[in-house]
Amino acid sequence: MSAAADKAALHARGVAALAAGLRAREFSAVELARALLARIDAHAALNAFVARDEEATLAQARAADARLARGDTAALLGVPIAHKDVFVTRAWPTSAGSRMLRGYLSPFDATVVERLGAEGQGAGCVSLGKLNCDEFAMGSGNESSCFGPVRNPWDRTRVPGGSSGGSAAAVAGRLLPAATGTDTGGSIRQPASFCGVTGIKPTYGVCSRHGIVAYASSFDQAGVMARSAEDCALLLSAMGGFDARDSTSAERPAQDYAAALRTARAGASAARPLAGLRIGLPREFFPAQLADAVQQPVRAALAELQRLGATLVDVSLPRTELCIPVYYVLTPAEASSNLSRFDGVRYGHRAAQFEDLTDMYCKSRAEGFGPEVKRRIMIGTYVLSHGYYDAYYLQAQKLRRMVADDFQACFGTCDVIAGPVAPAVAGRLGEQGDDPVKAYLADIFTLPASLAGLPAMSVPAGFSRVDGSAELPVGLQLVGNYFHEGTLLHAAHALQQATDWHARVPQGY
């Protein structure tokens, strides 16, 4: 490895810096992959990875080096990433964090994996493996995985958030520069906030769902977590775009989100890059009971945005509190339907002993699914049952439409909506094990954007100490109108150019 590469440890560089170093031939993709694989081994206690194959990774790295040698200048060529364990992959098993699918090898790659990958027309990223997540992406702490809980690098006695906790912990711990995730009700934004990284969920339909193990099909959306808005923009540009294999894919071309960061706003200046940007603050996102540990950093970040030229305006999302019961009627209903395919017949876990076909179904599902998945299947089956469909599911769908309308009313007076990601910082492992409702209530600020299918992201906004803890990260949530990911990324990038919250590293990493 060259002296230039030695000056700054490779694991300390983000996506953009690594891509530039690879193009300049400061180091090879193989050298980079080996360095990060060794780092993953050294920090195995985080339990972020659930599947690795060194030979498969190095084969991809060699292919990237060959493309670089031919003069290929693709923006992400040779950059290492990893995928949340709900994206199916041919080279690594896909389990969705569940005993039901443990060891399953897919015959194809998910569209997101394919578009980012080193083969064919992919962006050239090198995959380091698969990342831990809550079982079937159901959870807010990454504690329901059959592989055990992921630990937060800032405090290993605390959760990293969920369901994409492995992705967030791996990025925060500098095991890799970026990772994919999925967001159903906050599963990118909440772990990004708890781990102090940047994470974005695009508009529903921007990234293909083809090859994502389904939880709730009308909510699930692929996204990305990285150290900065710039890095997120680079990956999202490669991931997005229409996919004929996904019936819910938005029929619009892929966007160059990185270019949006470089595009100056009308009337902006170097000192005031956000001049003219109106940021709406929903009063429902700042209740009196919001913890000071969250409110103070979020307010400080908003003041910084204001200093950069943005204008803060008061808005209202009056149905915010109703988003919790609406979400926990609709998503379990979809889950009960989606997970009915796991019956022990075609693939997945099958009970070793059973008396007849019905007994095989019952025992296979009882053994294969964990408690949280069973809970949501039962809720979903109940609300879809005869006599309850109109009372619960249909009413929830009506309220979902009203929540979307509330956002459109706000966007008449603002360009971006901002607030906290979660009402508290990361909790301790096992803290919510006996009270699932407490975990559901913690989603109150992320669910509205998910119900409306809007783009939203978490941006590091500072740190707080609670109960004598070490410093714990706090995220600022930004929500945009449909297909306005560029506006969110531009605002986040401006904030990160003026602050260093996103650049801080947990002690020991």
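The values are calculated or read from the model by the stated rules, or taken from the named source; none is laboratory data. It should be emphasised that the depicted structure is a prediction, and the values quoted were computed from it without experimental measurement. Glycine gets a Cβ as well: all are built from the backbone with ideal geometry, and neighbour counts include every protein chain shown. All accessible areas refer to the heavy atoms of the entire protein, side chains included, with ligands and DNA or RNA removed. Shrake-Rupley method; radii C 1.70, N 1.55, O 1.52, S 1.80 Å.
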Return yes when SER469 is modelled with pLDDT under 95, surrounded by fewer than 21 Cβ atoms within 10 Å (Cβ to Cβ), more than 25 Å from the chain's Cα centre (by Cα) and within 30 Å of ALA491 (Cβ to Cβ) and no when it is not.
-> yes
Return the only residue of ASP406, ASP415 being open to solvent by 30 Å² or more (accessible area, probe 1.4 Å) and touching a Leu at 6+ places or on another chain (Cβ under 6 Å).
-> ASP415
Taking segment 133-151 on its own, how many of its residues are at negative phi and in contact with a Leu (Cβ under 8 Å, 6 or more places away or on another chain)?
-> 5
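To keep it simple, each residue is scored yes or no on (1) modelled with pLDDT under 95; (2) open to solvent by less than 50 Å² (accessible area, probe 1.4 Å); (3) more than 19 Å from VAL150 (Cα to Cα); (4) in contact with a Ser or Thr (Cβ under 9 Å, 6 or more places away or on another chain).
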site	(1), (2), (3), (4)
ALA3	yes, no, yes, no
ALA64	no, yes, yes, yes
VAL79	no, yes, yes, no
SER95	no, yes, no, yes
State the number of residues belonging to segment 87-124 that are over 13 Å from GLY211 (Cα atoms) and of a type in the set (Val, Ile, Thr).
-> 0
Restricted to segment 308-344 and to residues being surrounded by fewer than 17 Cβ atoms within 10 Å (Cβ to Cβ) and in contact with a helix residue (DSSP H, G or I) (Cβ under 8 Å, 6 or more places away or on another chain), the residue farthest from GLY462 (Cα to Cα) is SER337
Collect the residues in segment 220-239 that are closer than 21 Å to GLY185 by Cβ and either open to solvent by 10 Å² or more (accessible area, probe 1.4 Å) or part of a loop (DSSP other than H, G, I, E, B) (or both), keeping them in residue-number order.
-> ASP220
Specify which of the listed residues (GLY430, GLY480, GLY475, GLY462) is under 20 Å from the mean Cα position of the chain (by Cα) and on the phi > 0 side of the Ramachandran plot.
-> GLY462
Extreme residue, surrounded by the most Cβ atoms within 10 Å (Cβ to Cβ), among residues of segment 448-460 that are hydrophobic (A, V, I, L, M, F, W, C) and within 26 Å of MET402 (Cβ to Cβ) = MET457
In segment 66-75, which residue that is free of Cβ contacts under 8 Å to residues at least 12 places away in the same chain and in a loop (DSSP other than H, G, I, E, B) is most open to solvent (accessible area, probe 1.4 Å)?
-> ARG70
Members of segment 486-509 that are among the β-branched types (Val, Ile, Thr) and either over 13 Å from PRO455 (Cα atoms) or open to solvent by 60 Å² or more (accessible area, probe 1.4 Å) (or both) = THR499, VAL505
Of the listed residues (ALA35, ALA48), the one being surrounded by fewer than 23 Cβ atoms within 10 Å (Cβ to Cβ) and at pLDDT 95 or above is ALA35
How many residues, within segment 243-268, are touching a residue at least 24 places away in the same chain (Cβ under 8 Å) and open to solvent by 40 Å² or more (accessible area, probe 1.4 Å)?
-> 6
Got a sec? Which of PHE463, PHE445, PHE483 is outside any helix (DSSP H, G or I) and open to solvent by 60 Å² or more (accessible area, probe 1.4 Å)?
-> PHE483
